[in-house]
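The values are calculated or read from the model by the stated rules, or taken from the named source; none is laboratory data. The structure displayed is predicted, hence computed values, not measured ones. Positions of Cβ are generated from backbone atoms using ideal geometry, with glycine treated the same way; all protein chains shown enter the neighbour counts.
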Amino acid sequence: MLANFPTVGRLASDEWFRAAAFEYACRFPPDDARPLRYGREFPAFLRAFEPARALPYLANIARLDLM
């Protein structure tokens, strides 16, 4: 996840990012063997993720990381 969302990883603490990535992985298990394609739903997940409410710009940053 950190390789796919490096800017989000830099803006959030390591602990916060790991917790968010873990929660995301529990809800959206990988459906492709290629890790670089993983996380397409992460921006939408962050938009609804309660701990991300303190960082309202994070979902948009995640969307940019996907480009």
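Among the residues of the range 1-18, those that are surrounded by fewer than 17 Cβ atoms within 10 Å (Cβ to Cβ), more than 10 Å from the chain's Cα centre (by Cα) and of a type in the set (A, V, I, L, M, F, W, C) comprise A3, L11. Look at the range 44-67: where a residue is part of a helix (DSSP H, G or I) and a partner is hydroxyl-bearing (S, T, Y) and modelled with pLDDT of 95 or more, sitting 6+ places away or on another chain with Cβ atoms under 7 Å, you get F45/Y24; I61/T7; L64/T7; D65/T7. The set of residues from the range 1-23 being in contact with a helix residue (DSSP H, G or I) (Cβ under 9 Å, 6 or more places away or on another chain) and not in a helix (DSSP H, G or I) comprises M1, L2, A3, N4, F5, A12.
Residue count for the range 34-60 under the criterion of being in contact with a helix residue (DSSP H, G or I) (Cβ under 9 Å, 6 or more places away or on another chain) and of a type outside the set (F, W, Y): the result is 15.
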